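Novice: Structure in structure tokens, see below.
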Amino acid sequence: MTPVALIETSLLMGLFVVAGGAYGILYAFGRLHSRPNLVLGGRICCALAFGCAVAITVLTPLDVAWKLLIFVSALVYVVIPPVTWRHLEREHIQEEPKQ
């Protein structure tokens, strides 16, 4: 891997992680405060993270195993916030006292 390829790959991977984190944060705050615009912003960040994963998979000189790990991680990024939110909602509904 050339030094330039290393920097490009590192930047793409950093953007991938930041966009994935922004997706989770914006999605959670959007759902918590009933702000659809924040949820939409989170989904845009999710698309950006997925785009970075595709770019890493197609454009970088990483080994196939690493590319597969990044791509599968992107697929998992998509489902984590909604699944976690549904789990939290169920937990809190079960904890509410019966009147």
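None of the figures in this text is laboratory data; all of them are computed from the coordinates on show. Everything quoted here is computed from the prediction, not taken from an experiment. Here the Cβ positions follow ideal geometry from the backbone for every residue, glycine too, while neighbour counts run over all protein chains shown.
Novice: Can you tell me the relative contact order of the stretch 1-75? Whole percent, Cα pairs under 8 Å, sequence separation 6 or more. Working shown, then result.
Specialist: Values: 70 pairs, mean separation 23.8, N = 75.
Relative contact order, the stretch 1-75: 32 percent.
Novice: Hey, another quick one. Find the Cα radius of gyration of the chain, compare it with 2.2 N^0.38 Å by division, and give the number to two decimals. Intermediate values should be presented prior to the final figure.
Specialist: Values: Rg = 17.0 Å, N = 99, 2.2 N^0.38 = 12.6 Å.
Rounded to two decimals, the normalised Rg is 1.35.
Novice: Dipole of the chain, Cα-centred, from +1 at each Lys and Arg C-beta and -1 at each Asp and Glu C-beta, to the nearest 20 debye?
Specialist: On the way: 7 positive and 6 negative charges, 50 e Å.
For the chain, the charge dipole is close to 240 debye.
Novice: Using only C-alpha positions, report the orientation-averaged shadow area of the convex hull of the stretch 34-76, nm², one decimal.
Specialist: Values: hull surface 12.1 nm².
Average projection, Cα convex hull of the stretch 34-76: 3.0 nm².
Novice: May I ask for the distance between the Cα centers of the stretch 3-34 and the stretch 49-98, given as a whole number of Å?
Specialist: For the stretch 3-34 versus the stretch 49-98, the Cα centre distance is 11 Å.
Novice: Could you point to the residue in T57, V76, G41 farthest towards the positive end of the chain's charge dipole, with +1 and -1 charges on the Cβ of Lys/Arg and Asp/Glu respectively?
Specialist: G41
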